[in-house]
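Working notes, structure below.
The values are calculated or read from the model by the stated rules, or taken from the named source; none is laboratory data. Note that the structure is a prediction, hence the values are computed from the model and not measured. Reconstructed Cβ throughout: ideal geometry from the backbone, glycine too, with neighbour counts over all protein chains shown.
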Amino acid sequence: MDAEALQAFLAKPHDAIMATNRHGKGSQLSPVWFLWDGESFLFTSQKATAKYANITRDPNISIIINDTATHTGVTAYGRAEIVGPERYPELWDTILEKYIPAERREQVAAAIQAHRRSESIVIVLKPEKIVDWAALTSPTG
């Protein structure tokens, strides 16, 4: 994928699967919504999650974003940084605009406000490596 195709792919509302490292065990996989800002993947979460505990202990994470309709995807690896939501004050609204159709946003507003008031965090992954792929199409279509 060239840079323009990568940007277009990451702008779509694909779910990502984040892998964090559990203490002395295998990976924990979590579906997450994300925003790509051109340099980093941004995710929202809460301090009361296993994902938060795993990252504070071992910040090495990976994510995969897979479009099953086009058989296209991206995998990214790196060290996560946990920051306060004040660093990205518009992140919630931007993620909601990406994933929730306008006519449904009011329906989820109360739940989102409760989540925002909790001990919210932002996980920032500035990838050390990105691998992308696209399906090969057959000559017959």
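Within segment 10-37, the set of residues being part of a loop (DSSP other than H, G, I, E, B) and free of Cβ contacts under 8 Å to residues at least 24 places away in the same chain comprises Gly24, Lys25, Gly26, Asp37.
Condition first: surrounded by fewer than 13 Cβ atoms within 10 Å (Cβ to Cβ) and in contact with a strand residue (DSSP E or B) (Cβ under 9 Å, 6 or more places away or on another chain). Can you find one or more residues in segment 88-102 that meet it?
Filtering segment 88-102 down to residues surrounded by fewer than 13 Cβ atoms within 10 Å (Cβ to Cβ) leaves 89-90, 93, 101-102.
Among the residues that remain, those that are also in contact with a strand residue (DSSP E or B) (Cβ under 9 Å, 6 or more places away or on another chain) are: none.
Scanning segment 88-102 turns up no residue that is surrounded by fewer than 13 Cβ atoms within 10 Å (Cβ to Cβ) and in contact with a strand residue (DSSP E or B) (Cβ under 9 Å, 6 or more places away or on another chain).
Step by step: first the residues of segment 39-60, then only those that are modelled with pLDDT of 95 or more and assigned to a loop (DSSP other than H, G, I, E, B), then the one that is surrounded by the fewest Cβ atoms within 10 Å (Cβ to Cβ). Which residue is that? Out of the qualifying residues, it is Glu39. Please determine whether any residue of segment 38-53 is at positive phi and touching a residue at least 24 places away in the same chain (Cβ under 8 Å). Yes, that holds for at least one residue.
Kindly establish whether Ser40 is within 21 Å of Glu128 (Cα to Cα) and within 16 Å of the chain's Cα centre (by Cα).
Details: within 21 Å of Glu128 (Cα to Cα): yes; within 16 Å of the chain's Cα centre (by Cα): yes.
It is true that Ser40 is within 21 Å of Glu128 (Cα to Cα) and within 16 Å of the chain's Cα centre (by Cα).
Scan segment 13-41 for residues that are out of contact with any Phe, Trp or Tyr (no Cβ under 6 Å at 6 or more places or on another chain) and among the aliphatic types (A, V, I, L, M) and jot them down. Within segment 13-41, Ile17, Met18, Ala19, Leu29, Leu35 qualify. Within segment 6-18, is there a residue that is farther than 18 Å from Pro127 by Cβ, exposed (fewer than 14 other Cβ atoms within 10 Å of the Cβ) and of a type in the set (A, V, I, L, M)? No, there is no match, as no residue in segment 6-18 is farther than 18 Å from Pro127 by Cβ, exposed (fewer than 14 other Cβ atoms within 10 Å of the Cβ) and of a type in the set (A, V, I, L, M).
The residues of segment 64-82 that are of a type outside the set (S, T, N, Q) and under 15 Å from the mean Cα position of the chain (by Cα), listed by number, are Ile64, Ile65, Asp67, Gly73, Val74, Ala76, Tyr77, Gly78, Arg79, Ala80, Glu81, Ile82. The single condition among (1) at positive phi; (2) in contact with a His (Cβ under 6 Å, 6 or more places away or on another chain) that Ile65 does not satisfy is (1).
Can we say Ile82 is modelled with pLDDT of 85 or more and touching a Phe, Trp or Tyr at 6+ places or on another chain (Cβ under 9 Å)? It is true that Ile82 is modelled with pLDDT of 85 or more and touching a Phe, Trp or Tyr at 6+ places or on another chain (Cβ under 9 Å). For beta carbons closer than 7 Å, sequence separation of 6+ or different chains, a first residue in segment 89-116 that is farther than 17 Å from Gln46 by Cβ and a second that is modelled with pLDDT under 85, the qualifying pairs are Ile100/Val108.
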